[in-house]
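Report on the structure given below.
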Amino acid sequence: MADRDIITAGELCFERLLDAPVETVWRYLVDSELRARWFMGGALDPRPGGTIEFVFDHDNLSDDPVPMPDRFAANRGKSWRETVLRIEPPHLLSMTFQNGAGGAATFTLEPEGADRTRLVLRHTGLNGPDDARDFGGGWLAHLAVLQARLAGRPVPDFWALHAAAEEKAGAAVAAA
C-alpha cells in the first residue's frame, strides 16, 4: 500500500511504509539524537505520565546549508516538554501537543516483512483549519525527512519540503 494522508480540521492521519525494521524506527522515535535527525531531539521519560522534551533545532534537518525562514527563527533553540500518554515499546508512542491544547499525536509501528515498517501517525484534537495546516505541514515535512534518513537518502533542504507540505495541508483542509 502507498503512503496515505488524511487531513481534516480536527484530525490528521499519515501512513508511511519505511525502509527499516520496527526496532530501528522505534529508536528514531525515542532516542534523542536520532529523533533530532528528522524532528526534534530531547530527553524522554518512557512511561505514561513521563515527559518528552522537544528542542527546536531545525537547522540540523537539512544536509545543505539553508537559512531558516524568518517566521521560525525566533523558535531556534527553544525547548518544551510534553506528556507521554501511552508507550508500548516498540509499537506505540502517544504524547500531548501544546500541553494538550494542540491535541495528541500517536505513532503506531507494525512490521511489514522483516525489513520494513508501517508507521501510522494520528494527531487528534486539533482546533480547526489553522492547526490542521500548521501541524499537517509540519508532520508531512518531518515524515519525509524520516523516510529519507531511514532509506539513506540526503535531505538537501528541509525548509523547501516544509513549504510544499504546508501548501499541501492547506489545500487539503480547504477542499474538505
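Quick check: is even one residue across segment 75-85 closer than 15 Å to L143 by Cβ and acidic (D, E)?
no
Looking only at residues in segment 1-26 that are more than 14 Å from D134 (Cα to Cα), of a type in the set (D, E) and touching a residue at least 24 places away in the same chain (Cβ under 8 Å), which one is surrounded by the fewest Cβ atoms within 10 Å (Cβ to Cβ)?
Among them, the one singled out is E23.
Check off (1) over 19 Å from G138 (Cα atoms); (2) without any contact (Cβ under 8 Å) to a residue 12 or more places away in the chain; (3) surrounded by 16 or more Cβ atoms within 10 Å (Cβ to Cβ); (4) not aliphatic (A, V, I, L, M) for G113 and give me the number that stays unchecked.
Going through (1) over 19 Å from G138 (Cα atoms); (2) without any contact (Cβ under 8 Å) to a residue 12 or more places away in the chain; (3) surrounded by 16 or more Cβ atoms within 10 Å (Cβ to Cβ); (4) not aliphatic (A, V, I, L, M) one by one, G113 breaks only (3).
Any residue that is more than 23 Å from E15 (Cβ to Cβ) and not charged (D, E, K, R) - is there at least one of those in segment 100-122?
Checked segment 100-122: at least one residue is more than 23 Å from E15 (Cβ to Cβ) and not charged (D, E, K, R).
For segment 87-153, which strands (runs of 3 or more DSSP E) that fit wholly inside it have 2 or more residues that are closer than 19 Å to D3 by Cα?
Those strands (runs of 3 or more DSSP E) span 104-111, 117-124.
Please go through segment 35-45 and pick out each residue that is free of Cβ contacts under 8 Å to residues at least 40 places away in the same chain and not in a strand (DSSP E or B).
Across segment 35-45, the qualifying residues are R35, A36, M40, G42, A43, D45.
Any idea which residue in segment 46-71 is nearest to R35 (Cα to Cα), counting only those that are in a helix (DSSP H, G or I) and out of contact with any helix residue (DSSP H, G or I) (no Cβ under 7 Å at 6 or more places or on another chain)?
Residue satisfying both the conditions and the ranking: D59.
Using beta carbons and a limit of 7 Å, which pairs, at least six apart or on different chains, have the first residue in segment 116-136 and without any contact (Cβ under 8 Å) to a residue 60 or more places away in the chain and the second one crowded, with 23+ Cβ neighbours inside 10 Å?
Listed pairs, sorted by first residue: R133/A169.
Readers should treat all values here as calculations from the given coordinates under stated rules, not as data from a laboratory. Since the structure is predicted, the reported quantities are computational estimates derived from the model, not experimental observations. A quick note on method: Cβ atoms are made from the backbone with ideal geometry, for glycine too, and the neighbour counts reach across all protein chains shown.
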